[in-house]
């Protein structure tokens with residue numbers, strides 16, 4: 001006979017009879033996620049400019065920011081990066097891709113795009 005489960009004894013939902021169950025990952029508190037979104041000035045992302053700096057003044061931009069300035073559409077820029085026509089201006093930080101604006105403009109002029 002199987003003993004009835006006592007959910008009150010295991011509030012996290014774990015079941016000691018099921019050895020194949022994966023333990024649940026702890027979730028960050030709301031305060032932790034709020035601090036991550038505010039953009040601490042001592043954060044690890046050195047490329048991030050404060051939101052008060054206008055796009056046309058920033059030396060490094062993302063795909064969307066380049067498109068917002070009207071330099072080149074985001075889709076075209078992604079294609080140019082993928083085929084290797086734009087190289088010098090690309091800064092890869094993990095999954096993010098940023099562009100040095102002056103180098104990007106120079107490369108686009110040299111490539112004739």
Tell me, which residue of the stretch 74-100 that is touching a helix residue (DSSP H, G or I) at 6+ places or on another chain (Cβ under 8 Å), in a strand (DSSP E or B) and touching a residue at least 12 places away in the same chain (Cβ under 8 Å) is farthest from residue 61 (Cα to Cα)? 97
Can you find a residue in the stretch 5-19 that is in a loop (DSSP other than H, G, I, E, B) and modelled with pLDDT of 70 or more? no
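For the stretch 56-73, how many residues are assigned to a loop (DSSP other than H, G, I, E, B) and either touching a strand residue (DSSP E or B) at 6+ places or on another chain (Cβ under 7 Å) or in contact (Cβ under 8 Å) with a residue 60 or more places away in the chain (or both)?
The first filter runs over the stretch 56-73 and keeps only residues assigned to a loop (DSSP other than H, G, I, E, B), leaving 58-59, 62, 70-73.
Adding the requirement that they be either touching a strand residue (DSSP E or B) at 6+ places or on another chain (Cβ under 7 Å) or in contact (Cβ under 8 Å) with a residue 60 or more places away in the chain (or both) leaves 59, 62.
Selection size over the stretch 56-73: 2.
The values are calculated or read from the model by the stated rules, or taken from the named source; none is laboratory data. Just so we're clear, the structure is a prediction, and the values are computed from it rather than from any experiment. As a convention, Cβ positions derive from the backbone with ideal geometry for all residues, glycine included, and neighbour counts pool all protein chains shown.
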